[in-house]
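Chemist: Sharing a structure, written as structure tokens. Questions coming.
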Amino acid sequence: MDINQLETFLVVCEERNLSRAAVRLFLTQPAVTRQIQNLEAALGCRLLERTPRGVAPTVQGEELRARGVRILEELRSLREIGKGSEGISGELNVACSDTVACHFLAPILGRFAQECPRVRIHLENSVTPGIVNLVERGACELGFVLLPVRNSRLEIHPVLNYHHVAVFAPHEEPDGGGPMELATMCAMPLVLLTRDTATRRAFDEMVASKGLMPARVLDVGNVSAQKALVRVGLGAGILPDYAIEPRDGLTTRPIQGAHTKTLAFCHLRTRPLSPPAARLVEMLS
């Protein structure tokens with residue numbers, strides 16, 4: 001049996017589609033088909049069957065899929081034997097939002113890079129739906145998502161609970177202290193992240209539930225720009241509390257009725273974690 005054929009078969013099982021598997025493997029669809037046919041010939045049984053939505057493993061194919069995952073993990077472990085004295089090596093592909101990368105992951109990845117200098121780290125910037133897609137397709141091994149996420153193909157582990165807070169330039173904070181009411185905030189100029197972000201969706205859901213509409217909103221593409229514009233007095237901002245740092249020079253207030261949000265990491269259930277990903281997960285926990 002050719003290991004490349006086994007790897008191709010497992011990707012086809014994950015994608016349930018020969019064309020998508022070919023794109024992910026950087027092969028043509030006929031090349032993927034040939035590898036599957038050669039694997040079936042070597043084993044003497046049919047491994048895939050067509051369905052209305054693509055392809056699915058047969059009974060024998062499902063058995064090979066389950067055992068193939070373990071086989072590739074054993075091979076991955078064997079490759080590390082000769083590298084034991086040199087530490088973990090390889091690639092680590094992670095999908096997360098810009099905010100998570102800057103304010104949650106950065107210090108953890110800094111420690112990871114010091115401990116595992118031979119690992120090449122790649123960060124893919126996206127929001128939760130896109131991150132789920134990247135992990136499902138195998139383009140990224142780990143993804144950091146905002147819960148709830150319902151996907152039976154993913155294993156999900158919460159890592160951080162947080163709240164959204166209001167931020168102001170020091171001289172722009174409203175009088176009174178205490179939690180900010182949404183009606184008060186909607187009457188103020190606001191500097192908010194774009195609508196495709198989790199932070200903006202959380203705020204929009206809060207105001208919609210109260211039947212409110214912000215009077216004036218300046219949309220920005222990232223947290224750094226948002227902080228800078230709030231700092232010069234262009235409006236109040238809404239940020240996750242873990243993104244606030246003393247050096248920002250901003251005043252924060254809790255938001256009345258803000259719900260607890262949960263950040264989690266996810267990975268495919270059917271694919272064992274590579275040594276770099278497993279080490280990062282250890283550091284997270």
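Chemist: Filter segment 270-284 down to residues that are within 16 Å of L154 (Cβ to Cβ) and part of a loop (DSSP other than H, G, I, E, B) and give me whichever is modelled with the highest pLDDT.
Modeler: L273
Chemist: Could you list, in sequence order, the residues of segment 102-125 that are touching a Gly at 6+ places or on another chain (Cβ under 7 Å) and buried (at least 16 other Cβ atoms within 10 Å of the Cβ)?
Modeler: Taking segment 102-125 and keeping what is touching a Gly at 6+ places or on another chain (Cβ under 7 Å), we get 116, 118-119.
Across segment 102-125, the qualifying residues are C116, V119.
Chemist: Further question: Regarding segment 59-81, can at least one residue be identified that is in a loop (DSSP other than H, G, I, E, B) and surrounded by fewer than 19 Cβ atoms within 10 Å (Cβ to Cβ)?
Modeler: Step one: of segment 59-81, the residues in a loop (DSSP other than H, G, I, E, B) are none.
No, there is no match, as no residue in segment 59-81 is in a loop (DSSP other than H, G, I, E, B) and surrounded by fewer than 19 Cβ atoms within 10 Å (Cβ to Cβ).
Chemist: Could you please give the count of residues in segment 200-245 that are more than 24 Å from the chain's Cα centre (by Cα), part of a helix (DSSP H, G or I) and loosely packed, with under 15 Cβ neighbours inside 10 Å?
Modeler: 3
Chemist: Follow-up question, since we're still on this one. Could you check segment 92-199 for helices (runs of 4 or more DSSP H) lying wholly inside it with 1 or more residues that are without any contact (Cβ under 8 Å) to a residue 24 or more places away in the chain and within 18 Å of the chain's Cα centre (by Cα)?
Modeler: Details: elements: 106-115, 128-137, 182-186.
Output list reads 106-115, 128-137.
Chemist: Also: For the condition surrounded by 15 or more Cβ atoms within 10 Å (Cβ to Cβ) and either of a type outside the set (K, R) or touching a strand residue (DSSP E or B) at 6+ places or on another chain (Cβ under 9 Å) (or both), what is the one hit in T8, T28, T51?
Modeler: Working: T28 fails: surrounded by 15 or more Cβ atoms within 10 Å (Cβ to Cβ); T51 fails: surrounded by 15 or more Cβ atoms within 10 Å (Cβ to Cβ).
Exactly one residue qualifies, and that residue is T8.
Chemist: Ok, one more. Could you go through segment 182-204 and let me know if any residue there is among the acidic types (D, E) and within 16 Å of V230 (Cβ to Cβ). Spell out the reasoning first.
Modeler: Step one: of segment 182-204, the residues among the acidic types (D, E) are 196, 204.
Of the ones still in play, those that are also within 16 Å of V230 (Cβ to Cβ) are none.
No - not one qualifying residue is present in segment 182-204.
Chemist: Right, something else. Enumerate the pairs (first residue in segment 1-26 and within 11 Å of G68 (Cβ to Cβ) and of a type outside the set (A, V, I, L, M); second residue anywhere and outside any helix (DSSP H, G or I) and at pLDDT 90 or above) with beta-carbon separation below 6 Å, excluding pairs fewer than 6 apart on the same chain, so at least 6 apart or on different chains.
Modeler: Qualifying pairs under 6 Å: C13/P57.
Chemist: Sticking with this one: Kindly indicate whether A243 is in contact with a helix residue (DSSP H, G or I) (Cβ under 9 Å, 6 or more places away or on another chain), hydrophobic (A, V, I, L, M, F, W, C) and modelled with pLDDT of 90 or more. Explain how you work it out, then say what you get.
Modeler: On the way: in contact with a helix residue (DSSP H, G or I) (Cβ under 9 Å, 6 or more places away or on another chain): yes; hydrophobic (A, V, I, L, M, F, W, C): yes; modelled with pLDDT of 90 or more: yes.
When the stated conditions are applied, A243 passes them.
Chemist: Take the residues in segment 13-25 that are closer than 14 Å to R50 by Cα, touching a helix residue (DSSP H, G or I) at 6+ places or on another chain (Cβ under 9 Å) and not hydrophobic (A, V, I, L, M, F, W, C); name whichever of them is surrounded by the fewest Cβ atoms within 10 Å (Cβ to Cβ).
Modeler: Step one: of segment 13-25, the residues closer than 14 Å to R50 by Cα are 13, 15-19.
Narrowing the set further to residues that are touching a helix residue (DSSP H, G or I) at 6+ places or on another chain (Cβ under 9 Å) leaves 13, 15, 18-19.
Those left that are additionally not hydrophobic (A, V, I, L, M, F, W, C): 15, 19.
Numbers: E15: 21, S19: 12.
So, considering only residues that are closer than 14 Å to R50 by Cα, touching a helix residue (DSSP H, G or I) at 6+ places or on another chain (Cβ under 9 Å) and not hydrophobic (A, V, I, L, M, F, W, C), the one surrounded by the fewest Cβ atoms within 10 Å (Cβ to Cβ) is S19.
Chemist: Just the residues that are within 23 Å of E73 (Cβ to Cβ) and without any contact (Cβ under 8 Å) to a residue 24 or more places away in the chain, please, taken from segment 27-39.
Modeler: Across segment 27-39, the qualifying residue is only L27.
Chemist: While we're looking at this one, here's another question. Against the definition (of a type in the set (V, I, T), touching an Asp or Glu at 6+ places or on another chain (Cβ under 8 Å) and assigned by TED's automatic domain parsing to the domain that holds T197), how does T270 come out, yes or no?
Modeler: Against the criterion (of a type in the set (V, I, T), touching an Asp or Glu at 6+ places or on another chain (Cβ under 8 Å) and assigned by TED's automatic domain parsing to the domain that holds T197), T270 does not qualify.
Chemist: I'd like the residue in segment 29-53 that is modelled with pLDDT of 90 or more and not in a helix (DSSP H, G or I) and, out of all such residues, is farthest from the chain's Cα centre (by Cα).
Modeler: Result: G44.
Chemist: Is it the case that T99 is surrounded by fewer than 12 Cβ atoms within 10 Å (Cβ to Cβ) and of a type in the set (S, T, Y)?
Modeler: On the way: surrounded by fewer than 12 Cβ atoms within 10 Å (Cβ to Cβ): no; of a type in the set (S, T, Y): yes.
So T99 fails the test.
The values are calculated or read from the model by the stated rules, or taken from the named source; none is laboratory data. These figures come from a predicted structure and were not determined experimentally. Glycine gets a Cβ as well: all are built from the backbone with ideal geometry, and neighbour counts include every protein chain shown.
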